[in-house]
Structure formats: structure tokens, C-alpha cells
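Below is one structure; the comments refer to it alone.
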Amino acid sequence: GKVDKECLKAKINERRNKDLFMSMALLPLPTSKEEWEEELLDRYQFIQKYKKESKQFGARRQASEGRAAEIALCNLSMNAGFSDVMHLTLLMEGKLTKQSLEYFHWQTIDDIELMISIDEHGKSTLKCKKDKKLLKSLPTKYKKNEMVIKFQEVTKKLKDQYSRIKQMLEEAMEDDIPFEVWELLEMLKSPVACPMIETLVV
């Protein structure tokens, strides 16, 4: 209880200190279920962000920070009481998708409508229409609109989620990791993961 999480995150962002990064996941978690889930999701997203940012560095540093991210996820799953990282990942990715559900329906912004569409592979696309006709691109005058920016942020997060889930499934196959029925059913609820699960031969 002697370390403040936000101060720790600021130091990690400033120095990219791997020891601080890996230890952040071990900070005490709230006791109430709602706060517990919110805190888990915040730390999970911070770990994924750190891992993604490492791509701007050289191969050796990428590998080093990638390993630190793996350990951070292990620490977080252990701290939360999960038996392995897979269970934590499934829960967190499911919560991230649920946060985005409202963006899967057409919403009106002035004289245009926006919606995020998920294709048959699980990839997300931001769609825009005006006078009931789909536009090839977003009109320039809307690019600084707060609601439009939010739609673009959610689209990017869903694309990142697609990459994470695909990588997780590929690694599970390579390592012969078994899935329980509830885990497959949980992934079928996600518009991002569902297309990847539906085509599997079980």
C-alpha cells in the first residue's frame, strides 16, 4: 500500500522501467467486484499498450519488453486469482468488446451517420453514410468532432483486439493448450473473436 499506481504508471511511461512495469500488476486489488473488474481492465490495457509501443524499438528491446509484458500478465492473473493468463485474457477481452457494443449501431452526428462494422473475419471498419448512402471516406469537416474521434478510437481498439485474440489462438494451437467449453462459448459472444472460433474444427 506504499506505492501509488498512477505515479508508478507515470514513471513507467517516462522511463519504460521494466521492473516497475512488471511489479505494477502486483499492487493490491480492490475488494468490491465492480471496482476489482475496472482495476483489472485498466492494468490489462496498460500492459497491452506498453507491449504495443515496444514495436518502435529494435528487435532486442522488443523481445525484452515483450517478455516483461508476459511476466506482467502472469503477475496480474496470479494477483487476481486466475489459474493462468488465458482465463484473464478471455475475461478482459470480453469486457473490452462489451464496452464497444453501442458503436455497432448507426449513430447520427449532424448530417452523417457512423457505425463500426465487423466483417466475417473479425476485423473492424468505421462506416459513414450521408442521405442513406455509404461514403468512401469521412468528410474532412468532421475529423475534429469529439464523437467522430471516439468512434475512431474504438475502431482502433477493436483492430488491436483482433490482433491479440488471433495471436492468442495461434499460440494456443502451437502449444496444444486445451480450452474448456465455457471459454469457447464466451468467445462466441464476441463479434471480434466469434468469426475465428466458428471456423475451427472441434
Long-range neighbours under 7 Å by Cβ, at least six apart or interchain, first residue under 14 Å from residue 76 (Cβ atoms) within the stretch 11-22, second of a type in the set (Gly, Ala, Ser) and open to solvent by less than 50 Å² (accessible area, probe 1.4 Å):
21/68; 21/72; 22/68; 22/72
Which one of 122, 94 is part of a loop (DSSP other than H, G, I, E, B) and either in contact (Cβ under 8 Å) with a residue 60 or more places away in the chain or open to solvent by 50 Å² or more (accessible area, probe 1.4 Å) (or both)?
122
May I ask you to list pairs of residues, at least six apart or on different chains, whose Cβ atoms are under 9 Å apart, with the first in the stretch 42-57 being at positive phi and the second being of a type in the set (Val, Ile, Thr) and open to solvent by 10 Å² or more (accessible area, probe 1.4 Å)?
none
Select from the stretch 159-184 the residues that are loosely packed, with under 11 Cβ neighbours inside 10 Å and part of a helix (DSSP H, G or I) and list them in ascending order.
167, 173, 174, 181, 182
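Restricting the search to the stretch 1-40, which residues are charged (D, E, K, R), loosely packed, with under 12 Cβ neighbours inside 10 Å and outside any loop (DSSP other than H, G, I, E, B)? I'd like the intermediate steps shown before the answer.
Going through the stretch 1-40, the residues charged (D, E, K, R) turn out to be 2, 4-6, 9, 11, 14-16, 18-19, 33-35, 37-39.
Keeping just the survivors that are loosely packed, with under 12 Cβ neighbours inside 10 Å gives 2, 4, 6, 14-15, 19, 33-35.
Within the stretch 1-40, 6, 14, 15, 19, 33, 34, 35 meet the criteria.
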Restricting attention to the stretch 41-59, which residues are more than 13 Å from the chain's Cα centre (by Cα), open to solvent by 70 Å² or more (accessible area, probe 1.4 Å) and within 18 Å of residue 15 (Cβ to Cβ)?
56
Can you confirm whether the stretch 131-144 contains a residue that is open to solvent by less than 80 Å² (accessible area, probe 1.4 Å), more than 30 Å from residue 84 (Cβ to Cβ) and among the charged types (D, E, K, R)?
no
Pairs under 8 Å by beta carbon, first residue surrounded by 16 or more Cβ atoms within 10 Å (Cβ to Cβ) in the stretch 63-84, partner basic (Lys, Arg) and not in a loop (DSSP other than H, G, I, E, B), six or more apart or different chains?
65/18; 65/51; 68/18; 69/51; 76/43
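The values are calculated or read from the model by the stated rules, or taken from the named source; none is laboratory data. All figures in this text were calculated on a predicted structure; none of them were measured in a lab. Note that each Cβ is placed from the backbone with ideal geometry, even for glycine, and that neighbours are counted across all protein chains shown. To get the accessible areas, we keep the full protein, side chains included, count just its heavy atoms, and leave off ligands, DNA and RNA. Shrake-Rupley method; radii C 1.70, N 1.55, O 1.52, S 1.80 Å.
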